[in-house]
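Beneath this line is the structure, given in structure tokens, with notes to follow.
The values are calculated or read from the model by the stated rules, or taken from the named source; none is laboratory data. Just so we're clear, the structure is a prediction, and the values are computed from it rather than from any experiment. Note: ideal-geometry Cβ built from the backbone for every residue, glycine included; neighbour counts use all protein chains shown. Only protein heavy atoms, including side chains, enter the accessible area calculation; ligands, DNA and RNA are left aside. Shrake-Rupley method; radii C 1.70, N 1.55, O 1.52, S 1.80 Å.
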Amino acid sequence: MTRLRIGLLGASRIAEKAILQPAALLASDVEVRAVGASSAAKAQAYAQQYQLAAWEGSYQALLQRDDIDLIYNALPASLHAQWSIKALQAGKSVLCEKPFALNAAEVSSMLSAAEQSGQLLLEGYHYRFHPVFLKVQQLLQSGVLGKLLTVRSNFSVRIAETPGSLRHQLALGGGALMDLGCYPLHWVRQLLGNELQLLQAAAICHTQGVDESFSARLLGPAGEQIYLGCSMAEHLNRQHDAYLELLGEQGKLEVFNLVAPHQGHQIRLELNGQSQTEQLEAESTYYYQLKHWLDCLRGQATPLTGGQDALQQMQWIDRLYLAAGLPTR
């Protein structure tokens with residue numbers, strides 16, 4: 001079987017974990033061929049560092065290569081829509097990092113380009129494919145918790161505001177909800193569906209229009225009380241807190257580190273006054289994400305991200321910002 005060839009759009013740090021490391025484990029199916037960066041010097045240095053066969057000194061030049069099948073888009077969120085669309089139009093399948101775009105209108109344009117090109121477009125919610133999340137889904141669907149009453153979800157970690165920091169600039173898609181809170185929102189939507197009712201949203205801003213902390217309260221389809229939270233504030237620890245709690249009439253399920261369970265996690269289930277803790281042995285979330293991408297391209301799986309899920313996710317992010325009195329990105 002011919003190996004699929006990946007081009008990295010942007011000389012990003014995340015690509016090492018998200019693509020390069022899992023590609024090494026799936027070397028019989030895929031190879032990372034080239035990187036395209038904003039300058040020749042940056043691209044060349046990156047290619048040398050990671051021993052890539054080729055590099056391009058512009059994003060467009062990477063898309064024009066005929067030895068690239070797939071594009072991993074890890075550019076700033078403000079460039080996601082523009083360059084994902086260009087990649088699709090160039091005949092490449094795209095895995096675009098979250099958040100998918102700045103707003104729902106941009107996502108709609110991306111989905112139209114994917115449909116017109118016939119190419120696959122996925123969003124990089126890498127946790128979604130991991131056995132830990134699949135276990136959470138299975139436990140919830142089994143009914144072991146009884147009627148679900150309350151959902152608490154949070155993702156917080158200190159992200160220092162430094163010169164040029166993307167996450168603290170409104171025009172570049174900055175904000176805690178965009179970068180961190182999108183995960184708790186996605187967990188809830190994947191587990192309970194998209195038919196949620198927004199009750200309240202609030203933000204704390206250090207820079208005008210850019211939320212350093214965000215919280216929201218929603219109702220689920222069966223009346224579940226849902227609490228979402230996220231923060232990148234300076235007072236936080238550099239050790240991230242990615243927590244999900246599902247409280248039902250018959251029990252409680254807690255998941256510690258749902259974002260990156262391969263870095264250590266716990267699944268704690270409490271039933272009838274008894275508590276049991278489980279840890280699953282598995283590869284990284286990024287391994288399962290890359291494998292899912294390849295399986296989808298070969299007709300062996302149905303896409304779990306992208307499409308209407310990506311549009312509904314961004315519509316909710318837009319809605320939350322407006323409810324908190326902030327502009328959409």
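May I ask you to derive the relative contact order of region 158-286, considering only C-alpha pairs under 8 Å and at least 6 residues apart, and to give it as an integer percent?
19 percent.
With n ≥ 4 as the cut-off for DSSP H runs, can you work out [θ] at 222 nm for the chain, using -39500 (n - 2.57) per run divided by the number of residues, rounded to the nearest 500?
About -9500 deg cm²/dmol.
Using a probe radius of 1.4 Å on heavy atoms only, what accessible surface per residue do you get for the chain? Whole Å² is fine.
Spelled out: the 1.4 Å probe surface of the chain, per residue, equals 43 Å².
Taking the Cα centre of region 150-288 as origin, sum charge times position over the Cβ atoms of Lys and Arg (+1) and Asp and Glu (-1), and report the length of that vector in debye to the nearest 20.
Details: 8 positive and 15 negative charges, 41 e Å.
So the magnitude is around 200 debye.
With axes computed from alpha carbons, what is the tilt in degrees of helix 40-50 against the longest principal axis of the chain, rounded to the nearest 10 within 0 to 90?
Result, in degrees: 70.
Enumerate by residue number the GluC sites (Glu not before Pro) in region 235-329 meeting two conditions: DSSP loop (anything except H, G, I, E, B), and at most 16 other Cβ atoms within 10 Å of the site's Cβ.
Values: sites: Glu245, Glu249, Glu254, Glu270, Glu278, Glu281, Glu283; in loops: Glu249, Glu281, Glu283.
Counting only loop positions with at most 16 other Cβ atoms within 10 Å, the GluC sites (Glu not before Pro) in region 235-329 are Glu249, Glu281, Glu283.
Please list 3J(HN,Hα) in residue order for region 217-225, calculated via the Karplus relation 6.51 cos²θ - 1.76 cosθ + 1.60 where θ = phi - 60°; whole Hz, with x for glycine and proline.
10, 9, 10, x, x, 10, x, 4, 7
Count charges around Met232 for me, please; just the other residues with Cβ under 10 Å from its Cβ, Lys/Arg as +1, Asp/Glu as -1. Could you put the intermediate results ahead of the total?
Numbers: positive: Arg158, Arg167; negative: Glu161, Asp179, Asp211, Glu212, Glu234.
Value of the local net charge: -3.
Along each of the three principal axes of the Cα atoms of region 267-329, give the extent in whole Å, ordering the values from largest to smallest.
Principal-axis extents of region 267-329 (Cα, largest first): 44, 42, 18 Å.
Among Ser12, Ser109, Tyr127, which residue has its Cα positioned farthest towards the positive end of the charge dipole of the chain, with +1 placed on the Cβ of Lys and Arg, -1 on the Cβ of Asp and Glu, and the dipole taken about the Cα centre?
The one lying farthest along the dipole's positive direction is Ser12.
For the Cα atoms of the chain, what angle does the longest principal axis make with the long axis of helix 307-323, in degrees from 0 to 90, nearest 10?
Its long axis makes an angle of about 60 degrees.
Take every DSSP beta bridge whose two residues both sit in the chain, then give the antiparallel share in percent to the nearest 5.
Counting only bridges with both partners in the chain, antiparallel ones make up about 60 percent.
Mind pulling the per residue volume of the convex hull built on the Cα atoms of region 4-119? Å³ is fine.
Per-residue hull volume (Cα only) is 88 Å³.
Rounded, prolate or oblate: which fits region 118-256 when a ≥ b ≥ c are the square roots of the eigenvalues of the alpha-carbon gyration tensor, with rounded for a/c under 1.5 and prolate only if a/b beats b/c? Working shown, then result.
On the way: a/c = 1.91, a/b = 1.63, b/c = 1.17.
Here region 118-256 falls in the prolate category.
Using the Karplus equation 6.51 cos²θ - 1.76 cosθ + 1.60 (θ = phi - 60°), what ³J(HN,Hα) coupling, rounded to whole Hz, does each residue of region 204-216 give in order, writing x for Gly and Pro?
Computed from phi, the couplings for region 204-216 are 10, 10, 8, 9, 4, x, 10, 6, 8, 9, 8, 9, 8 Hz.
Can you give the accessible area of Asp211, probe radius 1.4 Å, in Å² rounded to 10?
Using a 1.4 Å probe on the heavy atoms, I get roughly 0 Å².
For the chain, what % of the accessible area comes from carbon and sulfur atoms, probe 1.4 Å?
Percent of accessible area from carbon and sulfur atoms in the chain: 46.
Set the Förster distance to 45 Å, then compute FRET efficiency between Thr150 and Ser38 from the Cβ-Cβ distance, nearest 0.05.
The computed FRET efficiency comes out at 0.50.
Step through the residues of region 151-158 one at a time and calculate ³J(HN,Hα) from phi using the Karplus curve (6.51 cos²θ - 1.76 cosθ + 1.60, θ = phi - 60°), rounding each to whole Hz and writing x for Gly and Pro.
10, 10, 9, 8, 9, 9, 6, 5
Quote the FRET efficiency, to the nearest 0.05, computed for Glu195 versus Ala61 with a Förster distance R0 of 30 Å and r equal to the Cβ-Cβ distance.
0.10
So what's the angle, to the nearest 10 degrees on a 0 to 90 scale, between helix 182-192 and the longest Cα principal axis of the chain?
Result, in degrees: 60.
Placing unit charges on C-beta atoms (Lys and Arg positive, Asp and Glu negative, everything else neutral), compute the dipole magnitude of the chain about its Cα centre in debye, rounded to 20.
The calculation lands at about 220 debye.
Would you check the chain for Lys pairs whose C-alpha atoms are within less than 17 Å, ignoring same-chain pairs closer than 8 in sequence, and give me the count?
Step by step, the pairs that qualify in the chain add up to 4.
Between Gly223, Val35, Ser284, whose Cα lies farthest towards the positive end of the dipole of the chain when Lys and Arg beta carbons carry +1 and Asp and Glu beta carbons carry -1, centred on the Cα centre?
After comparing all options, I get Val35.
May I ask you to derive the relative contact order of region 104-209, considering only C-alpha pairs under 8 Å and at least 6 residues apart, and to give it as an integer percent?
Numbers: 33 pairs, mean separation 20.1, N = 106.
Taking the mean separation of contacting Cα pairs over the length of region 104-209, I get 19 percent.
Please list, by residue number, every one of the trypsin sites (Lys or Arg not before Pro) in region 1-99 that is coil in DSSP and has at most 11 other beta-carbon atoms within 10 Å.
Values: sites: Arg3, Arg5, Arg13, Lys17, Arg33, Lys42, Arg65, Lys86, Lys92; in loops: Arg3, Arg13, Arg65, Lys92.
Qualifying residues, ordered by number: Arg13.
Using alpha-carbon pairs under 8 Å, 6+ residues apart, how would you state the relative contact order of the chain in percent?
Reported as a whole number, the value is 18 percent.
Could you give me the percent of Cα pairs per 20 Å distance bin for the chain, shortest bin first, beginning at zero and ending with the bin that holds the maximum distance?
31, 59, 10, 0
Please identify the GluC sites (Glu not before Pro) of region 124-214 that satisfy two criteria: DSSP loop assignment and at most 12 other Cβ atoms within 10 Å. Which are they?
Passing both the DSSP loop test and the Cβ count: Glu195.
What's the center-to-center distance, using Cα atoms, between region 115-135 and region 226-304 in Å?
15
May I ask you to derive the FRET efficiency for Ser28 and Gln48 from their Cβ-Cβ distance with R0 = 25 Å, giving the value to the nearest 0.05? Before the final figure, lay out each step's value.
Working: r = 25 Å, r/R0 = 1.00.
The calculated FRET efficiency here is 0.50.
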